[in-house]
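Chemist: Dropping the structure in here first, questions after.
The values are calculated or read from the model by the stated rules, or taken from the named source; none is laboratory data. All values reported here derive from a predicted model rather than from experimental measurement. Cβ atoms come from the backbone with ideal geometry, glycine included; neighbour counts cover every protein chain shown. Heads up: the accessible areas ignore ligands, DNA and RNA and are worked out on the full protein's heavy atoms, side chains in. Shrake-Rupley method; radii C 1.70, N 1.55, O 1.52, S 1.80 Å.
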Amino acid sequence: MADNNNHAFVKFSEVSKSYDGRTFSVMDFSLSVKRGEFVTLLGPSGSGKTTCLKMLAGFEEPSSGEIWLNGRPVNQVKPWKRNIGVVFQHYALFPHMTIAENLAFPLQARRIAGNEIERSVMRALDMVQLQDFAGRRPAHLSGGQQQRVAIARALVFEPDLILMDEPLGALDRRLREEMQYEIRNLQQRLDVTMIYVTHDQGEAMVLSDRVAVMDQGRICQVASPEALYEEPQRLFVANFIGENNQVEGRIVEWSPDECRVEVAGQTVRAFPVAVNENDSHTCLTIRPERVALNPTPDLYPNCFEAEVEDIIFMGDYLRIHAALLGHSQFIVKIPNIIGHGGILPGDTVTLGWLVTDCRALDGGRAE
Amino acid sequence: MAKARTGAIMLALPLTAFILVTFIAPLGSMFMRSLYDPLVADIMPETVAALEEWDGTGLPPEQVYALAARELERAREEKTIGKLATRLNRDTSGLRSAVMRTGRGLKRAGGPPWSETLPAINAAWGEPATWQALARTGARVTPVYYLNAVDLTFGSDGGIVRQPEERRIYTALFIKTIRVSLTITLLCLAIGYPVAYLIAHSPPRLSRLLLVLVLVPFWTSLLVRTTSWIVLLQQQGVVNDLLVRFGLIPDEQRLTMIHNMTGTLVAMTHVLLPFMILPLYSVMRGIPAVQMQAAMSLGASWPRAFYRVYLPQSLPGVGAGCLLVFILAIGYYITPALVGGQSGQLISNFIAYHIQTSLNWGLAAALGCVLFVAVLLLFLLYDRVLGLDRMKLG
Ligand SMILES: Nc1ncnc2c1ncn2[C@@H]1O[C@H](COP(=O)(O)OP(=O)(O)OP(=O)(O)O)[C@@H](O)[C@H]1O
Ligand SMILES: [Mg+2]
């Protein structure tokens, strides 16, 4: 009945959680996840990501609000009745059981017949390529292998929903990238719904259909990785995802499509995102790769003189630190193409950008 | 390299010496005492030597009587005859007065033939059993204390026989001590496990408070803790008063809960409880809460998750706590002495009795050694079954 694709498979509606009754770890959290979707909760440490997962898994009860799973409210449902596979940050494998016993555990709890269990366990081990490790204890596996076991254990009982809490946090970078693709592949192959937690924005970008950026217990923005990068709605998101130049200024003229902002005595033309006609201050963000070096003035409404402070050679691009509009350390990334050499620190250059690449966001300091 | 090693050894020297003097030496001397008893052989060397020639049947020849008379006379002069009498009496009851009387009688007695004079002073010298006892106790190295410790003794024919009915107490006492220690261990486990679980998995503030509540009695004098149980449990004590107040028992039928086995069980469980809780707590603290969450998320109800995931991981603590409590209980002395009354006495109380009162140090040493070996065996068994390296003491 509840299995059509439009309906939210997981739904948080205005969920709040306070552990001590005074401070809120999660505030007014609302999020809908469709069946088969891969949604990531992204946010800095302490932003309440784990708390959200714990409430969904049933280890913590929301202080207010309701969580829905497959169309049913689950606040009163015991964790072991929710049929959710969870992969924990430090794997939480059972150290006193072999790998095979670890995988058999959820099946035994469901009173599945012995030979059936054996087959499922072997299949799950196959899936993560650990057939030869069935008889070993978790302590005798490498971090990456333990990680795979944890994932296999969360999948072996074929749950409808999988939660992963920073599952790759303890792995080195190479292994982490490898595992990211493995996780994404598995999720698409098995077509399960996935809610994933990380504080690594790169990981969130690679894996997710949608990313929910969290800050201090609240959701800042939920969008596809591309939209988050291109169209951040809040200063926090703009800074958290990728690199951004940040310039504060005073709004002198506002229309829905464009506003003029006075910065250090000069006027910058910007696209108003999170400011309206009543606001007097704003924070402009400009992506370093959207800044043109010595551009044709006709094409770029924003062109300003800048003094080069520093040039860093990064291989495929040059990273230029410049001073303009009264700000130092303004970052510009120039692709390493023939013709851009010859700039030296101390040179005066012109930097330009489009109106749409200069987003006027919240957070300008009122004087 | 070598210098550092020498330095390290030098640093450990005071400790080594300390252990040697306070632990190894007393243990060694106790072990010696349980096997080596030169008293009779020292006081009557020639008689004992002569008796070795004797075939052990009938009465010894005149020459042995003469040696015995001379050495008894000398023992009386050197005032060692009392010890001799006590030692012989321990072997064969009645010999104390026989020897003491002989000592006094020898002053006035005539001369040879001693094989007539001695039995005339005291009839015991006419009995082969007396001479057999002298020959037996004359051996410097003797298993007799170990035999006594397990209710055996030498028969009149020199063979090993069971003690007479009324003196068979130690085997039963050992069994009782082990049974009581096991009971105390199980009581401690039953009470300590939930407490340790609470301490390990409560919010920090509550957990600290609980830990202090466990430790405060631990820091309180043992004597105070034990005697406070007397206040609580005696006939006019708090518990009985409450029971009577609430009409659970009539006033004239107040319960006897102290100076018997109940008192020993209650007080010892209380005294030894921290030794169960602390190792349990230290192991449980190492089990992350996420383990139970993982088990539950995988479909196991709380009891199942506890039984399959938590309990097995806490077993090293259970093993350590039980071993610790059991070993402490089996040799515990002061608490049963204070609150155990007659029926609540354990083997260690009898060892103390033989050391302090009856002065039968040989038997005390043998009982101690048997206890020591029993504990050692238990330790090895534990190592075999569970592995000492898996044990965590905190
Ligand atoms: N069991 C708890 N009791 C009290 N406060 C808690 C508890 N768990 C979390 N908190 C608080 O709630 C807030 C959010 O914690 P949470 O673990 O959800 O953050 P997170 O986003 O997962 O961070 P991280 O990336 O470091 O894992 C934090 O301020 C934390 O101190
Ligand atoms: Mg977390």
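Chemist: In µm²/s, what is D for segment A:41-176 at 20 °C and 1.002 mPa s, where D = kT/(6 pi eta Rh) by Stokes-Einstein and Rh is the Kirkwood radius from Cα pairs?
Modeler: Rounded, D is 134 µm²/s.
Chemist: Taking every pair of alpha-carbon atoms in segment A:8-235, give the share separated by more than 25 Å as a whole percent.
Modeler: So the portion of pairs separated by more than 25 Å is 40 percent.
Chemist: Evaluate segment A:1-102: find the radius of gyration of its Cα atoms, find its Kirkwood radius, and give the ratio Rg to Rh.
Modeler: My calculation of the ratio gives 1.00.
Chemist: Another question, if that's okay. Going 7 Å from the Cα of A:T356 toward and past its Cβ, which residues in segment A:208-233 have a backbone nitrogen under 17 Å from where you end up?
Modeler: A:226-233
Chemist: Further question on the same structure: Given +1 on the Cβ of Lys and Arg, -1 on the Cβ of Asp and Glu, and no further charges, what dipole in debye does segment A:243-361 carry about its Cα centre, rounded to the nearest 20?
Modeler: So the magnitude is around 160 debye.
Chemist: Now, a different point. Two decimals is fine: what is log10 I(q)/I(0) at q = 0.06, 0.11, 0.14 Å⁻¹ for chain B, from a Debye sum with one equal scatterer on every Cα and no solvent?
Modeler: -0.41, -0.96, -1.21
Chemist: What does the helix-only formula give at 222 nm for chain A: each DSSP H stretch with n ≥ 4 adding -39500 (n - 2.57), the total divided by the residues, and the result rounded to the nearest 500 deg cm²/dmol?
Modeler: Rounded to the nearest 500, it is -7000 deg cm²/dmol.
Chemist: If each residue of separation counts as 0.36 nm, what is the full-extension length gain between A:E289 and A:L190 once their alpha-carbon separation is subtracted?
Modeler: 31.9 nm
Chemist: Ordered by residue, what ³J(HN,Hα) values in Hz, to whole numbers, does segment A:260-271 give under the Karplus form 6.51 cos²θ - 1.76 cosθ + 1.60, where θ = phi - 60° and Gly and Pro are x?
Modeler: After applying 6.51 cos²θ - 1.76 cosθ + 1.60, I find 9, 10, 8, 10, 6, x, 10, 10, 10, 9, 9, 9 Hz.
Chemist: Let me ask something additional. What do you get for the angle between helix A:173-190 and the principal long axis of chain A? Use alpha-carbon atoms, 0 to 90 degrees, nearest ten.
Modeler: Approximately 60 degrees, to the nearest ten.
Chemist: Under a point spin-label approximation (7 Å from Cα along Cα-to-Cβ), what is the B:Q342-B:R285 distance to one decimal in nm?
Modeler: 4.7
Chemist: Ratio of alpha-carbon Rg to the 2.2 N^0.38 Å globular estimate for segment B:39-138, to two decimals, please.
Modeler: Rounded to two decimals, the normalised Rg is 0.93.
Chemist: So, one more: Bin all alpha-carbon pair distances of segment A:247-295 at 5 Å intervals from 0 and give each bin's fraction as a whole percent.
Modeler: Pair shares across the bins are 5, 22, 32, 21, 13, 6, 1.
Chemist: Scaled to the compact-protein estimate 2.2 N^0.38 Å, what is the alpha-carbon radius of gyration of segment B:170-222, rounded to two decimal places?
Modeler: 1.58
Chemist: Can you grab the distance from the C-alpha centre of segment B:143-169 to the C-alpha centre of segment A:1-80, Å, no decimals?
Modeler: What the calculation gives is 77 Å, centre to centre.
Chemist: Return the FRET efficiency for the residue pair B:D157, B:L59: r is the Cβ-Cβ distance, R0 is 22 Å, and the value is rounded to the nearest 0.05.
Modeler: Efficiency, from the Cβ-Cβ distance: 0.90.
Chemist: Give me Rg over Rh for segment A:6-49, both radii from the alpha carbons and Rh done the Kirkwood way, two decimal places.
Modeler: Computed over Cα atoms, the ratio is 1.05.
Chemist: Moving to a separate point now. What is the sum of charges around A:V206, taking Lys and Arg as +1, Asp and Glu as -1, for the other residues whose C-beta is under 9 Å from the C-beta of A:V206?
Modeler: With Lys, Arg at +1 and Asp, Glu at -1, the neighbours total -1.
Chemist: Using a Förster radius of 25 Å, what is the FRET efficiency between B:S93 and B:V141 based on their Cβ-Cβ separation? Nearest 0.05, please.
Modeler: Step by step, r from the Cβ atoms, then E = 0.60.
Chemist: Using 7 Å Cα-to-Cβ label points, what is the B:L377/A:D28 separation (nm, one decimal)?
Modeler: Placing both labels 7 Å along Cα→Cβ, they lie 7.5 nm apart.
Chemist: Just B:T92, B:T227, B:T16 to compare: in a GNM of chain B, with alpha carbon springs under 10 Å, which one fluctuates most?
Modeler: With Cα springs under 10 Å in chain B, the top fluctuation among B:T92, B:T227, B:T16 is at B:T16.
Chemist: Continuing with this model, one more query. Once phi is turned into ³J(HN,Hα) by the Karplus curve 6.51 cos²θ - 1.76 cosθ + 1.60 with θ = phi - 60°, what whole-Hz value does each residue of segment B:324-338 show in order, with x for glycine and proline?
Modeler: These are the phi-based 3J(HN,Hα) values: 4, 5, 4, 5, 5, 5, 5, x, 6, 10, 6, 5, x, 4, 7 Hz.
Chemist: Peptide A:82-88: average number of partner chain Cβ atoms within 10 Å per residue?
Modeler: Across A:82-88, the average partner-chain Cβ count within 10 Å equals 4.
Chemist: Expressed as a whole percentage, what fraction of the accessible surface of segment A:243-361 belongs to carbon and sulfur atoms when a 1.4 Å probe is rolled over the protein heavy atoms?
Modeler: 48
Chemist: Over 53 Å, how big is the tail of the calculated P(r) for the protein assembly as shown, in percent of all Cα pairs?
Modeler: The calculated P(r) of the protein assembly as shown puts 46 percent of pairs beyond 53 Å.
Chemist: I would also like to ask the following. Rounded to whole Å and sorted largest first, list the principal axis extents of the Cα atoms in segment A:255-367.
Modeler: 45, 27, 22
Chemist: Am I reading the A/B interface right? What is its buried accessible area, both sides, 1.4 Å probe, to the nearest 100 Å²?
Modeler: Counting both chains, the buried surface is close to 1800 Å².
Chemist: Using a 1.4 Å probe over the heavy atoms of the protein chains, calculate the carbon and sulfur portion of the accessible area of chain B as a whole percent.
Modeler: About 67 percent, which is the carbon plus sulfur part of the accessible surface.
Chemist: Subtracting the Cα-Cα distance from 0.36 nm times the residue separation, let me have the gained length for B:I9 to B:L186 in nm, one decimal.
Modeler: 59.5 nm
Chemist: List the lysines whose Cα lies under 21 Å from the Cα of B:K107, skipping any in the same chain that are fewer than 8 positions away.
Modeler: Within the straight-line cut-off, B:K107 pairs with B:K79, B:K83.
Chemist: Same structure, new question: Which value in nm describes the separation of the simple spin-label points at A:R173 and B:T256, placed 7 Å from the Cα toward the beta carbon?
Modeler: Taking the two extended label points, one gets 8.1 nm.
Chemist: Okay, next question. Could you work out the relative contact order of chain B? I mean the mean sequence separation of Cα pairs under 8 Å and 6+ apart, divided by the number of residues, in percent.
Modeler: Across chain B, relative contact order equals 18 percent.
Chemist: I've got another one for you. Tell me, what is the per residue accessible area of segment B:39-138 in Å², probe radius 1.4 Å?
Modeler: Heavy-atom SASA per residue in segment B:39-138 reads 48 Å².
Chemist: Pick from A:G48, A:G315, A:G242: which residue has the top mean-square fluctuation in a GNM of chain A where Cα pairs under 10 Å get a spring?
Modeler: A:G315
Chemist: On to the next question. Treating cross-link reach as a plain straight distance, find the lysines whose alpha-carbon is under 21 Å from the alpha-carbon of A:K78, omitting any fewer than eight places away in the same chain.
Modeler: A:K11, A:K17, A:K49, A:K54
Chemist: How many angstrom lie between the Cα centre of segment B:339-383 and the Cα centre of segment B:216-253?
Modeler: 29
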